Amino acid sequence: MSEITFSKSELERYSRHLIIPEFNIEGQRKLKAAKVLVVGTGGLGAPMLMYLAAAGVGTIGLVDFDVVDESNLQRQVLFSVNDIGKAKVEAAKERLEGLNPHIKIQIHNLRLTSENALEIFKNYDLVADGTDNFPTRYLVNDACVLLGKTNVYASIFRFDGQVSVFNYKDKNGIFGPNYRDLFPAPPPPGLVPSCAEGGVIGVLPGIIGSLQANEVIKVISGVGEPLAGRLFLFDALNFETRILKISKDPNQVPVSKLIDYEFFCGVGEPDSDQDENAKSEKNSFKEISVKELNEWQISGEKFQLIDVREEFEYEISNMGGELIPLDEIENNIEKIAKDVKVVVHCRSGQRSEEAIKVLEKKFDFRNLYNLRGGLLAYATEIDQSIAKY
Amino acid sequence: MAKIIIPTPLRKFTGNNAFLETNGKTIGKAIYGITETFPEIKQHLYDKDGKLRSFVRVFLGDTDVRTLSGELTEVGPTDTISIIPAIAGGIKG
């Protein structure tokens with residue numbers, strides 16, 4: 001490790017690390033030699049990347065396929081107004097290189113898949129999971145297990161945060177529990193909180209992503225006790241923290257290869273708890289695109305527009321539809337026309353699909369159309385004055 | 001009475017209660033007791049075979065009940081039970 005040297009500028013930059021007795025220049029050398037891959041440059045990735053770059057992690061890889069959107073700026077402090085529309089990894093690279101010119105930033109402007117994950121991961125010492133969906137979380141976990149890499153994990157939801165260090169190889173060469181030991185399988189889509197129940201308080205990823213960066217630095221430097229075999233929980237609303245013990249699940253089938261994670265997580269497939277007809281039922285309802293809806297509007301076609309979102313969402317933006325939240329739909333059947341076409345919409349099309357299923361199955365409606373892509377698609381393709389959220 | 005901590009995503013099924021109290025003498029009875037008071041939460045905790053779902057973990061104090069006696073784990077009057085769901089972050093739907 002002594003072959004790793006520092007310039008005068010680097011020594012001055014990292015001096016607050018170098019004077020910590022248990023960290024010192026040895027810890028800094030380990031950071032400089034390290035290659036860390038951060039998957040996701042969003043809410044968690046933003047603070048994590050800034051601290052890892054500032055701290056002097058020598059090589060940082062970024063994986064993301066997304067572009068910067070205005071709705072990111074409430075929490076993704078890596079980006080500024082000028083970055084809107086740019087590829088996140090490009091904008092992040094520019095910002096991080098501005099923050100620390102002594103490090104290397106490698107970008108992977110792509111969607112992580114079972115086909116490319118191992119090829120990308122193998123070039124890094126450690127992976128930090130800052131993703132926002134179950135399929136990618138299981139993919140990151142399994143790829144780390146297969147390659148024997150530590151997975152520094154964090155996850156957030158509304159006011160809640162979780163942090164752990166998975167698949168950590170201890171001094172005896174024994175690997176600690178991984179994500180599957182904690183959660184063997186993901187929730188089926190119907191039980192995942194919908195967009196009306198989502199959201200996150202902006203500062204939470206700042207807190208949790210910073211804890212994640214701290215664990216990355218500890219694992220690399222070997223300083224302190226990593227959060228392996230433990231799950232840290234933070235409830236920002238009540239300011240409560242807990243640490244729970246997690247252990248390897250002897251019943252867990254070992255990971256032997258990467259699989260189809262979209263299928264594993266049931267995305268686009270029926271819940272395994274549903275009956276055999278679920279899949280055919282799922283695809284049986286009618287849909288229209290926002291372009292077709294717009295043609296109906298222009299041509300004066302007679303139809304009713306129902307919005308099944310929540311009132312607080314309607315206040316953010318709406319398309320002039322009649323508001324009947326999904327949870328109240330069964331008590332408001334008389335408000336839904338049976339003699340003209342009815343277009344049902346929500347934010348992106350999932351809840352309106354659920355509403356149509358209920359109305360067709362229980363109340364025998366046959367005149368319902370799901371608006372594909374919902375308000376988001378309409379605001380993107382038809383009416384740009386409508387706010388997206 | 002023992003305390004059950006309800007995670008944020010499930011609070012809408014418990015009348016927004018973050019904590020519930022239970023007289024259940026075992027983990028199984030304590031958790032199932034929630035579904036008797038709040039039936040809507042049942043499908044989120046149990047699968048069709050009546051088993052606790054695999055994306056929901058139950059802890060007694062700081063210990064996963066799977067490493068104790070599972071649903072038969074005894075619960076004392078001052079114990080705290082945590083229900084921990086998998087969360088992924090972001091906004092979907």
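The values are calculated or read from the model by the stated rules, or taken from the named source; none is laboratory data. Note that the structure is a prediction, hence the values are computed from the model and not measured. FYI the Cβ positions are ideal-geometry reconstructions off the backbone, even for glycines, and counts take in every protein chain you see.
Keeping to the range A:39-53, report how many residues are within 14 Å of the chain's Cα centre (by Cα) and among the aliphatic types (A, V, I, L, M). It would help to see each step written out before you state the result.
Here is the first cut: in the range A:39-53, the residues within 14 Å of the chain's Cα centre (by Cα) are A:39-46.
Then keep just the ones that are among the aliphatic types (A, V, I, L, M); that gives A:39, A:44, A:46.
Counting residues in the range A:39-53 that are within 14 Å of the chain's Cα centre (by Cα) and among the aliphatic types (A, V, I, L, M) gives 3.
Just to be sure before I move on: is residue A:358 surrounded by fewer than 19 Cβ atoms within 10 Å (Cβ to Cβ), more than 32 Å from the chain's Cα centre (by Cα) and over 17 Å from residue A:289 (Cβ atoms) in the structure I sent? Give the steps one after another, and end with the answer.
Working: surrounded by fewer than 19 Cβ atoms within 10 Å (Cβ to Cβ): yes; more than 32 Å from the chain's Cα centre (by Cα): no; over 17 Å from residue A:289 (Cβ atoms): yes.
In short, no.
Quick check on the range A:189-203. Is at least one of its residues modelled with pLDDT of 95 or more, under 26 Å from residue A:228 (Cα atoms) and more than 14 Å from every other protein chain (Cβ to nearest Cβ)?
Within the range A:189-203, one or more residues are modelled with pLDDT of 95 or more, under 26 Å from residue A:228 (Cα atoms) and more than 14 Å from every other protein chain (Cβ to nearest Cβ).
Limited to the range A:249-265, what total is found for residues that are within 11 Å of chain B (Cβ to nearest Cβ) and either loosely packed, with under 15 Cβ neighbours inside 10 Å or assigned to a strand (DSSP E or B) (or both)?
Residues of the range A:249-265 that are within 11 Å of chain B (Cβ to nearest Cβ), as a first pass: A:249-252, A:265.
This time we only want the ones that are either loosely packed, with under 15 Cβ neighbours inside 10 Å or assigned to a strand (DSSP E or B) (or both), so: A:250-252.
Residues that pass the stated criteria total 3.
Using beta carbons and a limit of 9 Å, which pairs, at least six apart or on different chains, have the first residue in the range A:170-183 and within 9 Å of chain B (Cβ to nearest Cβ) and the second one of a type in the set (D, E, K, R) and in a strand (DSSP E or B)?
Within 9 Å, the pairs are A:179/A:129; A:182/B:57; A:182/B:64; A:183/B:57.
Does residue A:74 satisfy the condition of being of a type outside the set (Phe, Trp, Tyr), over 16 Å from residue A:130 (Cα atoms) and at pLDDT below 95? I'd like the intermediate steps shown before the answer.
Values: of a type outside the set (Phe, Trp, Tyr): yes; over 16 Å from residue A:130 (Cα atoms): yes; at pLDDT below 95: yes.
Considered against the rule, which asks whether it is of a type outside the set (Phe, Trp, Tyr), over 16 Å from residue A:130 (Cα atoms) and at pLDDT below 95, residue A:74 comes out as yes.
Residues of the range A:323-349 being in contact with a strand residue (DSSP E or B) (Cβ under 9 Å, 6 or more places away or on another chain), assigned to a helix (DSSP H, G or I) and surrounded by fewer than 17 Cβ atoms within 10 Å (Cβ to Cβ), which ones? Walk me through it before giving the result.
The initial filter retains those residues of the range A:323-349 that are in contact with a strand residue (DSSP E or B) (Cβ under 9 Å, 6 or more places away or on another chain), namely A:323-325, A:329, A:335-337, A:340-346, A:349.
Checking which are assigned to a helix (DSSP H, G or I) leaves us with A:329, A:335.
Selection gives A:335 alone.
Taking the residues in the range A:292-308 that are outside any loop (DSSP other than H, G, I, E, B) and aliphatic (A, V, I, L, M) as candidates, determine which candidate is farthest from residue A:365 (Cα to Cα). Outline the logic, then answer.
Step one: list which residues in the range A:292-308 are outside any loop (DSSP other than H, G, I, E, B), which gives A:292-299, A:303-307.
Still in the running and aliphatic (A, V, I, L, M): A:293, A:298, A:305-306.
Values: A:293: 19, A:298: 26, A:305: 15, A:306: 14 Å.
Among residues in the range A:292-308 that are outside any loop (DSSP other than H, G, I, E, B) and aliphatic (A, V, I, L, M), the one farthest from residue A:365 (Cα to Cα) is A:298.
Give me the pairs, please: first residue somewhere in the range A:215-235 and in contact (Cβ under 8 Å) with a residue 24 or more places away in the chain, second residue anywhere and part of a loop (DSSP other than H, G, I, E, B) and aromatic (Phe, Trp, Tyr), beta-carbon distance under 6 Å, and either six or more positions apart or on two chains.
Close Cβ pairs (under 6 Å, with a partner that is part of a loop (DSSP other than H, G, I, E, B) and aromatic (Phe, Trp, Tyr)) amount to A:223/A:23; A:226/A:168; A:228/A:168.
Do you know which of the residues in the range A:233-248 that are part of a strand (DSSP E or B) and more than 9 Å from chain B (Cβ to nearest Cβ) is surrounded by the most Cβ atoms within 10 Å (Cβ to Cβ)?
So in the range A:233-248, the residues part of a strand (DSSP E or B) come out as A:233-235, A:240-245.
Still in the list and also more than 9 Å from chain B (Cβ to nearest Cβ): A:234, A:241.
On the way: A:234: 20, A:241: 11.
Filtering the range A:233-248 for residues that are part of a strand (DSSP E or B) and more than 9 Å from chain B (Cβ to nearest Cβ), the one surrounded by the most Cβ atoms within 10 Å (Cβ to Cβ) comes out as A:234.
So which helices (runs of 4 or more DSSP H) are wholly in the range A:1-79 and hold at least 2 residues that are without any contact (Cβ under 8 Å) to a residue 12 or more places away in the chain?
On the way: elements: A:8-13, A:15-18, A:24-33, A:45-55.
In the range A:1-79, A:8-13, A:15-18 are the helices (runs of 4 or more DSSP H) which contain 2 or more residues that are without any contact (Cβ under 8 Å) to a residue 12 or more places away in the chain.
What number of residues within the range A:109-142 are surrounded by fewer than 21 Cβ atoms within 10 Å (Cβ to Cβ), touching a helix residue (DSSP H, G or I) at 6+ places or on another chain (Cβ under 9 Å), over 18 Å from residue A:213 (Cα atoms) and in contact (Cβ under 8 Å) with a residue 60 or more places away in the chain?
Counting residues in the range A:109-142 that are surrounded by fewer than 21 Cβ atoms within 10 Å (Cβ to Cβ), touching a helix residue (DSSP H, G or I) at 6+ places or on another chain (Cβ under 9 Å), over 18 Å from residue A:213 (Cα atoms) and in contact (Cβ under 8 Å) with a residue 60 or more places away in the chain gives 3.
Run down A:145, A:89 and say which single residue is within 27 Å of residue A:221 (Cβ to Cβ) and buried (at least 22 other Cβ atoms within 10 Å of the Cβ).
Values: A:145 fails: buried (at least 22 other Cβ atoms within 10 Å of the Cβ).
The match here is A:89.
Restricting attention to the range A:221-232, does a residue exist that is in a helix (DSSP H, G or I), more than 14 Å from every other protein chain (Cβ to nearest Cβ) and either buried (at least 18 other Cβ atoms within 10 Å of the Cβ) or in contact with a strand residue (DSSP E or B) (Cβ under 6 Å, 6 or more places away or on another chain) (or both)? I'd like the intermediate steps shown before the answer.
Going through the range A:221-232, the residues in a helix (DSSP H, G or I) turn out to be A:221.
Filter once more, keeping what is more than 14 Å from every other protein chain (Cβ to nearest Cβ): A:221.
Within this subset, residues satisfying the condition of being either buried (at least 18 other Cβ atoms within 10 Å of the Cβ) or in contact with a strand residue (DSSP E or B) (Cβ under 6 Å, 6 or more places away or on another chain) (or both) are A:221.
Yes: one or more hits.
Can you list the strands (runs of 3 or more DSSP E) lying wholly within the range A:104-160 that have 2 or more residues being within 14 Å of chain B (Cβ to nearest Cβ) and not polar (S, T, N, Q)? Please lay out each step first, then the result.
Numbers: elements: A:104-108, A:126-129, A:150-157.
Output list reads A:126-129, A:150-157.
Here is a yes/no grid of residues against (1) out of contact with any Cys (no Cβ under 6 Å at 6 or more places or on another chain); (2) in a loop (DSSP other than H, G, I, E, B); (3) basic (Lys, Arg):
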| position | (1), (2), (3) |
| --- | --- |
| A:320 | yes, yes, no |
| A:351 | yes, no, yes |
| A:357 | yes, no, yes |
| A:379 | yes, no, no |
| A:386 | yes, yes, no |
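Report the residue count in the range A:359-377 for those that are among the acidic types (Asp, Glu) and part of a loop (DSSP other than H, G, I, E, B).
Just the residues of the range A:359-377 that are among the acidic types (Asp, Glu), to begin with: A:360, A:364.
Remaining after also requiring part of a loop (DSSP other than H, G, I, E, B): A:364.
Going through the range A:359-377 one residue at a time, the tally reaches 1.
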